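Down below is the structure, laid out as structure tokens.
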Amino acid sequence: MITLIQEKEIQQYLLSKKLNPKLFIEIKDHFIQQISSLMEEQKSNFDEAFQNTKLSWKQELEIVKADLFSFHKITRLEKETLQKRFRNIMLYAAVFTLLLSKFIVTGSEVFMYAEIVLIGALISLLAYNIIFRKMKLYHYVQLSFHPLIIKNALAGIVLFTSVYLFYDNLAVEGSGMLKLFFLYAMAVKLQILYYRARKTRVLI
């Protein structure tokens, strides 16, 4: 049976790992169950069971860089969840862009309307986050240094350079590719702000 003092010791250890609240509660429950089982089945005392449990979770709770382009450090377990979220964000942005690609390349009006809708949505989400104190204005400035935004900036540089070097008809083919990239980048940023509104960790 875990006492309140022992539970507090488990809690302090997990707090040092700076887990997000949802993951903290989940892992805390796992720790308590695992420690209780070891104490009951192997007749271990709390300290021994706690040490064995920490060892079994050592790899998952190791502190690592959240991303190649990030200074944030989180547990390896949370990094796996975060990177999966990042892949989903990029996938949804790519699907959105591909669905509009046929209309964007052939009609400038579609791009204009899509641009207005995306910018409007971006302003609305930003206003919602600030008004309801989900984030502060300086957090939006920090968004410029988000790993996905940095990757998009690097991809944009490569794309613009490629368009400039390899497309003779820059006004047609090149501008079409840059329009699609703009939609993709905006879709990524919108999703990051959406996750922030839901208080889901996305490194802002």
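The values are calculated or read from the model by the stated rules, or taken from the named source; none is laboratory data. For clarity, every value in this text was computed on a predicted model and none was experimentally measured. Using ideal geometry, Cβ is built from the backbone for each residue, glycine included, and neighbour counts are taken over all protein chains shown.
If you go through the range 124-147, how many residues are part of a helix (DSSP H, G or I), farther than 13 Å from Gln191 by Cα and either of a type outside the set (S, T, N, Q) or at pLDDT 90 or above (or both)?
The total comes to 11.
Every residue, every condition in (1) at pLDDT 90 or above; (2) surrounded by 11 or more Cβ atoms within 10 Å (Cβ to Cβ), yes or no:
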{"residue": "Ser101", "(1), (2)": "no, yes"}
{"residue": "Glu109", "(1), (2)": "no, no"}
{"residue": "Glu115", "(1), (2)": "no, yes"}
{"residue": "Ile149", "(1), (2)": "yes, yes"}
{"residue": "Gly176", "(1), (2)": "no, yes"}
{"residue": "Ala185", "(1), (2)": "yes, yes"}
{"residue": "Tyr194", "(1), (2)": "yes, yes"}
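Determine whether Leu77 is crowded, with 16+ Cβ neighbours inside 10 Å, part of a helix (DSSP H, G or I), within 21 Å of the chain's Cα centre (by Cα) and touching a residue at least 60 places away in the same chain (Cβ under 8 Å).
So Leu77 fails the test.
What's the number of the only condition in (1) part of a helix (DSSP H, G or I); (2) loosely packed, with under 11 Cβ neighbours inside 10 Å; (3) not aliphatic (A, V, I, L, M) that Lys43 fails to meet?
Going through the list (1) part of a helix (DSSP H, G or I); (2) loosely packed, with under 11 Cβ neighbours inside 10 Å; (3) not aliphatic (A, V, I, L, M), Lys43 breaks only (1).
Starting from residues that are assigned to a helix (DSSP H, G or I) and over 12 Å from Leu143 (Cβ atoms), keep the ones in the range 192-203 and report whichever is nearest to the chain's Cα centre (by Cα).
In this case the residue turns out to be Tyr194.
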